[in-house]
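Right, one structure below, let's go through it.
Nothing in this text is a laboratory measurement; each read-out follows from the coordinates by a stated rule. Computed from a prediction, not measured in an experiment: that's the story for all the values here. Every residue, glycine as well, gets a Cβ built from its backbone with ideal geometry; the counts of neighbours run over all protein chains shown.
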Amino acid sequence: MIPEISTRELLKLASGDYFSIQIYKFSGKFPGKKAYIQANLHGAEIVGNAVIYQLIQDFSALDPNQINGEIWLVPVCNPMSTNQRTHFFSTGRFNPHDGKDWNRIYWDYEKECNDLKSFAQTQIKLKTEKIRDNYLGKIQGAFAQQLTAIEKPSSVPYNYQYRYQLQSLCLDANYVIDIHSSSVKSIDYLYCFQSREESAKYFLLPYGILMNKYDGDAFDEAFMKPWLALEKQLAKLGRKIKFDLESWTLELGSGMEMNPESVIKGVRGIKNYLLHQGILNLNLEPSTTDIVLTEKSQIKNYYAPTGGMIKLTATLGSKVKLGEKLYEILSFNKTGELPSVIEVYAEANGLLFDLSSNQAVNQGEYVLGIMND
């Protein structure tokens with residue numbers, strides 16, 4: 001089947017040129033649920049573009065009756081960040097105009113929903129799908145005010161305009177998948193919301209971070225947080241509901257790389273997840289794999305106690321034990337003394353899941369992260 005392809009303009013430059021995104025929409029023979037998948041929100045995190053390319057190839061080989069509902073694919077979803085460069089290095093993690101992280105700018109309906117309790121009280125006896133439709137209507141009505149602000153003569157800064165364009169594509173989705181990779185060297189893992197742990201097994205990744213605290217400004221959080229808040233409020237009123245809505249961030253490999261193994265894992269996991277959710281109709285049983293989910297509060301970041309050159313002794317993806325040496329810093333000085341070596345040891349057992357790409361560090365700079373047991 002051939003996808004419907006559309007282009008959406010994001011930003012007009014002083015030169016008259018445009019930054020834009022392209023959307024590939026696969027619609028099945030019958031209506032159903034909607035999956036929205038995007039990649040490259042941060043400029044250096046390019047691996048998801050290869051994942052989406054392969055998904056386009058695979059879905060194009062399907063018949064319309066093999067897809068239930070819709071699948072929307074958006075590669076290179078942030079062309080401004082993708083094109084940011086310093087020498088050979090992609091620097092597109094932050095908006096150059098205001099310094100904000102491109103994944104900390106999104107509109108979170110929960111923050112302005114002041115009548116959630118009273119709304120939940122009016123819905124308590126309704127069917128789950130009816131509650132979902134009613135709440136989605138509230139979200140969409142509030143979201144429309146974002147466009148009103150954009151269209152005023154005074155308008156709004158670009159990050160508000162950009163987030164409106166992206167979020168308008170997925171506000172009505174059932175499943176949102178935001179493909180990232182680490183800004184540093186990393187294993188493949190995912191971020192998972194509490195109460196959605198069972199579905200995490202269908203991405204076939206061995207590790208994940210379970211979010212126990214979030215502010216709603218990240219893309220996956222902005223989609224999911226209002227619905228989690230409604231579920232919590234309904235539970236307080238005695239009605240336990242889990243909406244058929246999920247949001248995920250996949251972290252596939254390292255920045256500025258399209259590691260073939262990470263691409264294969266991403267494609268395999270996403271297709272298996274869509275099979276599990278009934279969007280892909282391939283007469284196959286979805287697979288699961290055991291996944292170790294570490295609470296976000298149990299992630300331990302290690303920062304350089306002094307400046308110098310890093311010599312790693314532990315390796316990426318390895319299990320480390322309390323007291324095990326992680327790395328050494330070759331520390332130089334300007335005091336007429338010989339260089340010294342500072343050794344850094346693990347504070348707890350865990351998995352070394354990411355580490356700095358630059359082995360020359362200033363004091364206080366990030367070196368590595370460990371998922372503590």
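Taking Cβ atoms as reference points and 13 Å as the exclusive limit, the residues near residue 173 contribute a net charge of -2, counting Lys and Arg as +1 and Asp and Glu as -1. Across region 56-67, rounded Karplus estimates of 3J(HN,Hα) from the backbone phi angles (6.51 cos²θ - 1.76 cosθ + 1.60, θ = phi - 60°) give 4, 4, 5, 5, 5, 7, 8, 8, x, 6, 9, 10 Hz, Gly and Pro being marked x.
With Cα atoms as the point set, region 251-373 shows a radius of gyration and Dmax of 19.5, 73 Å. Summed over qualifying helices (DSSP H, 4 residues or more, each -39500 (n - 2.57)) and divided by its residue number, the chain shows a 222 nm mean residue ellipticity of -8500 deg cm²/dmol.
Working ranking of peptides 58-69, 27-38 by packing, defined as the average number of other Cβ atoms within 10 Å per residue, highest first, is 27-38, 58-69.
Placing +1 on the Cβ of every Lys and Arg and -1 on the Cβ of every Asp and Glu, with no other charges, gives the chain a dipole of roughly 820 debye about its Cα centre. Taking the Cα centre of region 100-152 as origin and assigning +1 to Lys and Arg Cβ atoms and -1 to Asp and Glu Cβ atoms, the resulting dipole is close to 160 debye.
3J(HN,Hα) along region 31-38: x, x, 7, 10, 10, 10, 10, 10 Hz, from the Karplus curve 6.51 cos²θ - 1.76 cosθ + 1.60 with θ = phi - 60°, whole Hz, x for Gly and Pro. For residue 25, the lysines whose Cα comes closer than 21 Å to its Cα, not counting residues fewer than 8 places off in the same chain, are 33, 34, 271.
For residue 273, the shell of other residues with beta-carbons less than 13 Å away shows a net charge of +4, using +1 for Lys and Arg and -1 for Asp and Glu.
Counting other Cβ atoms within 10 Å as a rough exposure proxy, the listed residues 324, 151, 246 run 151, 324, 246 from fewest neighbours to most.
Excluding same-chain neighbours fewer than eight residues apart, the aspartates and glutamates reachable from residue 242 by a Cα-Cα span under 18 Å are 110, 129, 133, 172, 197, 198, 220, 221, 231.
Across region 298-372, the mean sequence separation of Cα contacts (distance under 8 Å, 6 or more residues apart), normalised by length, yields a relative contact order of 43 percent. Taking 23 Å as the straight-line reach from the Cα of residue 311, the lysines in range (excluding those fewer than 8 positions away in the same chain) are 185, 300, 319, 321, 325, 334. In plain terms, the residue of 110, 221, 9 with the fewest other Cβ atoms within 10 Å comes first and the most crowded comes last, giving 9, 110, 221. A simple rule links phi to the HN-Hα coupling: the Karplus curve 6.51 cos²θ - 1.76 cosθ + 1.60 with θ = phi - 60°, which for region 293-305 gives 9, 9, 4, 4, 5, 9, 7, 10, 8, 10, 10, 5, x Hz, with x for Gly and Pro. Distances between placed amide hydrogens fall under 5 Å for residue 10 paired with 19, 20, 21, all partners being 5 or more residues away or on another chain.
Kirkwood-type hydrodynamic radius, region 4-290: 19.8 Å, calculated from all non-identical alpha-carbon pairs. For residue 176, the residues 5 or more places off, or on other chains, whose built amide H falls under 5 Å of its own are 36, 246, 247, 248.
When only Cα pairs under 8 Å and 6 or more residues apart are kept, what is the percent relative contact order across the chain?
Values: 778 pairs, mean separation 63.3, N = 373.
Relative contact order, the chain: 17 percent.
When the inverse distances between all different Cα atoms of region 17-118 are averaged and flipped, the Kirkwood radius reads 16.0 angstrom. Local charge for residue 350 was computed over the other residues whose Cβ lies under 14 Å away, with Lys and Arg +1 and Asp and Glu -1, and equals -1.
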